[in-house]
Amino acid sequence: MKLLPLADLRDRLAPGQPLPWGVRDERGNLLLGKGHLVDSEVMLEALFARGVFVEAAEAAADAVAQPAAPAPAPAPELAAGTPFERWDRLCSNLAQVLANPLEKLFLQRVRDAALHVQALSAMNTDLLLFLILRQDHGRFETYGITHALHVACVCNLMAQRLGWDRADQQRIIGAALTMNLAMIELQGVLARQPTPPTRRQRELIVEHPTQSARLLRNAGLDDEPWLAAVEDHHERRGGGGYPRSRAEPGTMAQLLRLTDQFTAKHSARATRPALPAQIAARQLFMDNPGDPLAALLIKEFGIYPPGCLVRLVSGELAIVVRRGRSANAPWVSTLTTSQGRAVIAPALRDTSRSEFAITSSVPEPVARPRLAPQAFYPEAAVAT
């Protein structure tokens with residue numbers, strides 16, 4: 001087996017894109033499979049620095065393959081500014097789009113939003129997860145919009161990890177954005193409602209997958225996999241879901257269901273706080289034992305996902321900002337000194353080093369602190 005240094009193929013790689021070939025060590029042993037997502041510039045540089053290789057024949061075959069059609073560009077009005085500005089603008093845009101499914105350009109605007117989700121994912125995956133976990137839990141009235149965006153972003157990451165083609169990636173994002181189309185306003189009501197759902201509210205909840213698909217068909221959508229994912233996103237393999245108790249829902253519907261559940265666990269309600277990341281992961285695993293999609297979803301977030309609070313062996317309180325090479329050793333930014341005093345400027349810590357190892361996760365205080373992401377991702381504060 002002839003091997004080529006990965007660094008020699010630098011011009012054929014980009015952060016936010018899956019690997020076009022398998023990555024191997026100097027003996028030819030496979031380290032990362034074809035399609036593995038290189039989700040940041042840091043990860044790409046780490047691969048180059050490690051001195052890994054690619055099988056020459058595989059690289060040559062990829063070089064002569066037909067190039068893929070260029071990806072469509074996001075809508076211009078959404079594509080400028082920093083990731084933080086683009087995120088806020090997308091939330092505002094979705095609030096208008098999802099409130100008007102009868103608008104003439106509804107489907108085009110949903111597809112534009114899907115392209116923007118993909119563009120944000122390609123910029124910085126860790127920042128995206130941070131924004132999801134550190135959401136403003138006091139804005140219950142917008143829960144339906146932000147939840148749809150969270151599910152869409154995570155489904156996109158999962159679709160990339162699963163090696164789905166561009167069409168299916170955009171399809172699952174569109175399905176995530178529209179799966180609750182018939183109950184967007186009700187979601188906000190339920191999030192801030194201090195009592196259990198009423199009988200009529202429960203009826204609307206059970207009906208919403210069917211009604212959402214009906215609204216999409218009325219808007220002119222004829223994409224059956226997208227429609228099936230929306231109709232079946234509360235069905236469970238083996239039965240027991242709703243509204244039809246289907247025993248064999250498709251993979252897209254199952255990915256939607258699991259991501260819907262998992263991201264909802266990270267969101268507060270009037271009746272409960274957001275669950276800590278480790279508890280959310282444990283509950284998802286226990287509710288879906290042996291499900292490979294659930295396991296992959298938990299792996300994508302990691303044990304300590306960006307946005308969660310941790311205590312270090314140094315005594316410092318820190319917030320996770322980037323996943324590391326191992327699931328239990330992310331990069332963090334300090335919030336306090338070892339004596340418990342708030343820091344003026346966060347310091348970056350590599351928790352794989354023994355002097356900065358994580359001793360425990362830290363529950364969110366009742367008065368959840370609002371931590372500006374710009375302080376922890378200064379490189380993303382520059383407009384593109």
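The values are calculated or read from the model by the stated rules, or taken from the named source; none is laboratory data. Here the structure is a predicted model, which means the values were calculated and not measured. FYI the Cβ positions are ideal-geometry reconstructions off the backbone, even for glycines, and counts take in every protein chain you see.
Just to verify a result, which residue in the range 323-353, among those that are of a type in the set (S, T, N, Q) and either in contact (Cβ under 8 Å) with a residue 60 or more places away in the chain or in a loop (DSSP other than H, G, I, E, B) (or both), is surrounded by the most Cβ atoms within 10 Å (Cβ to Cβ)? The qualifying residue surrounded by the most Cβ atoms within 10 Å (Cβ to Cβ) is T351.
Going by the conditions given, is A357 of a type in the set (G, A, S) and over 21 Å from the mean Cα position of the chain (by Cα)? Here the answer is yes, as A357 does meet what is asked. Only one of the numbered conditions (1) at pLDDT below 70; (2) under 30 Å from R217 (Cα atoms) is violated by R111, and that is (1). Within the range 300-311, at least one residue is assigned to a strand (DSSP E or B), modelled with pLDDT of 90 or more and surrounded by 20 or more Cβ atoms within 10 Å (Cβ to Cβ). Here C155 fulfils each of the conditions (1) over 30 Å from L19 (Cβ atoms); (2) surrounded by 17 or more Cβ atoms within 10 Å (Cβ to Cβ) apart from (1).
May I ask you to verify whether L127 is modelled with pLDDT of 85 or more and more than 22 Å from Q193 (Cβ to Cβ)? The answer is yes for L127. Residue pairs whose Cβ atoms lie under 8 Å apart, separated by 6 or more positions or on different chains, with the first residue in the range 87-110 and closer than 17 Å to Y143 by Cα and the second of a type in the set (K, R), are N93/R109; V97/R109. If a residue has to be among the aliphatic types (A, V, I, L, M) and without any contact (Cβ under 8 Å) to a residue 40 or more places away in the chain to count, how many in the range 191-220 make the cut? Result for the range 191-220: 4.
Listed here are the residues, each with its yes/no results for (1) closer than 22 Å to L371 by Cβ; (2) hydroxyl-bearing (S, T, Y); (3) assigned by TED's automatic domain parsing to the domain that holds E364.
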site	(1), (2), (3)
A280	yes, no, no
Q283	no, no, no
M286	no, no, no
A294	no, no, no
L297	no, no, no
A318	yes, no, yes
A327	no, no, yes
W331	yes, no, yes
T334	yes, yes, yes
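Only one entry in D232, D222, D168 is touching a Lys or Arg at 6+ places or on another chain (Cβ under 8 Å) and among the charged types (D, E, K, R), namely D232.
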